[in-house]
Amino acid sequence: MNSSAPATTPEAPDGRALPVELHLAGTYRRLVRASPARVWENVFDWEHLAHLHDGSFGACELLARGAWGWRVRLTLAGREEPQVIELRADRAAGHYASTTLEGTGAGTEIRVVLAQRAAHETAVVVKFWVPEARPERLGPIGAAYAQAYARLWDEDEAMMRARERMLGECRPRGPLEGSVDFGPAEDVRAALPLPFELSGRAFRLVEVNGALLAHSTVCPHWLGPLDDAPVADGAVRCPWHGWRFDVATGACLGREGPSLAEAPEVVVIDGRVLARGPQRTSG
């Protein structure tokens with residue numbers, strides 16, 4: 001395990017080479033229950049790092065990206081000093097590597113090989129190459145990386161499987177029809193938030209500034225889950241990529257992006273709360 005290899009001499013953003021000799025600290029293997037398409041989609045998705053993995057990372061700023069991969073300035077959770085991380089991928093060859101260009105661990109390379117095992121299974125082999133030669137240090141470093149990557153892949157796999165399932169369920173939708181009777185308003189307010197379905201679509205009933213509103217529980221970006229998203233300042237935030245949406249209007253906030261799917265209107269009739277398809281006037 002403690003073999004050494006020539007460094008790939010990654011270049012920092014200013015073009016200088018990082019003169020390091022790398023040593024193998026450890027290997028992490030996993031069978032991910034998601035298709036290679038979802039895994040590669042995840043590899044190129046830099047934006048989820050600070051949101052899906054908010055227990056591991058803090059702020060994440062995109063510096064560059066392209067067909068080759070991406071480069072970001074990334075802060076580890078609980079730390080102030082940022083790192084510059086660059087990911088370069090060769091999808092045709094089935095591998096990619098992320099290199100720390102600046103900050104703690106500069107020169108470290110995480111090299112990953114992906115191989116399809118079944119329609120919805122991808123074998124992953126991760127090797128941790130670090131600029132550390134002392135044998136007594138390599139083992140603990142490798143163990144720490146393996147533990148961190150097990151947690152990251154747990155979170156990634158859950159997202160990939162959920163997205164794959166949602167993509168499989170996508171189909172053209174007709175207008176919202178029918179209604180849902182939640183019962184007496186006083187009881188409903190005490191039980192919020194309340195999930196419900198209408199016309200085969202998932203929504204949630206919430207209260208914003210005293211008004212009862214319904215919103216779609218599917219993020220229109222990557223079909224992420226908004227079922228448990230807290231309502232803050234009248235908006236919900238997707239846990240996958242941090243996209244925010246106004247609950248009252250469904251509009252995407254802080255960026256250009258699609259709005260939430262049309263939601264039922266919520267009315268109180270004879271003291272009872274109903275969610276119903278929007279009442280459209282002819283003419």
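The values are calculated or read from the model by the stated rules, or taken from the named source; none is laboratory data. All figures in this text were calculated on a predicted structure; none of them were measured in a lab. Heads up, the Cβs are rebuilt from the backbone with ideal geometry, glycines too, and the neighbour counts pull from every protein chain shown.
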For this session: Scan the range 6-33 for residues that are loosely packed, with under 12 Cβ neighbours inside 10 Å, modelled with pLDDT under 95 and in a strand (DSSP E or B) and jot them down.
Result: Ala17
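Looking only at the range 172-230, count every residue that is on the phi > 0 side of the Ramachandran plot, surrounded by fewer than 16 Cβ atoms within 10 Å (Cβ to Cβ) and outside any strand (DSSP E or B) and tell me the total.
5
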For this session: Under 7 Å between Cβ atoms, at least 6 apart or on separate chains: pull out the pairs that start in the range 74-88 with a residue that is assigned by TED's automatic domain parsing to the domain that holds Arg111 and end on any residue that is of a type in the set (S, T, N, Q) and modelled with pLDDT under 95.
Result: Glu81/Thr104; Gln83/Thr104
Seminar exercise, completed: If you go through Ala119, Ala143, Ala158, the only one that is touching a residue at least 12 places away in the same chain (Cβ under 8 Å), at negative phi and out of contact with any Gly (no Cβ under 7 Å at 6 or more places or on another chain) is Ala119
Exercise. Restricting the first residue to the range 263-277 and requiring it to be closer than 27 Å to Phe245 by Cβ, which pairs with a second residue that is of a type in the set (A, V, I, L, M) and not in a strand (DSSP E or B) meet a Cβ separation below 6 Å and a spacing of at least six or different chains?
Worked result: Pro264/Leu176; Val268/Ala185; Val273/Ala185; Val273/Val188; Gly277/Leu176
Problem set entry | Qualifying position, being outside the structural domain of Asn42 (by TED's automatic domain parsing) and either closer than 20 Å to Glu177 by Cβ or among the hydroxyl-bearing types (Ser, Thr, Tyr) (or both), among Val247, Val218 | Val218
Exercise. Is at least one residue of the range 219-240 in contact (Cβ under 8 Å) with a residue 60 or more places away in the chain and more than 14 Å from the chain's Cα centre (by Cα)?
Worked result: no
Exercise. Any idea which of (1) surrounded by 18 or more Cβ atoms within 10 Å (Cβ to Cβ); (2) in contact with a strand residue (DSSP E or B) (Cβ under 7 Å, 6 or more places away or on another chain); (3) in the same structural domain as Val124 (by TED's automatic domain parsing) is the one Asp156 doesn't satisfy?
Worked result: (2)
Exercise. Do the conditions hold for His241, that is, is it touching a helix residue (DSSP H, G or I) at 6+ places or on another chain (Cβ under 7 Å) and not assigned by TED's automatic domain parsing to the domain that holds Glu47?
Worked result: yes
Seminar exercise, completed: When restricted to Leu52, Leu87, the only residue in contact with a His (Cβ under 8 Å, 6 or more places away or on another chain), buried (at least 17 other Cβ atoms within 10 Å of the Cβ), closer than 27 Å to Ala123 by Cβ and not aromatic (Phe, Trp, Tyr) is Leu52
For this session: Could you list all residues from the range 247-276 that are surrounded by 18 or more Cβ atoms within 10 Å (Cβ to Cβ) and over 23 Å from Gly174 (Cβ atoms)?
Result: Val247, Cys252, Val273
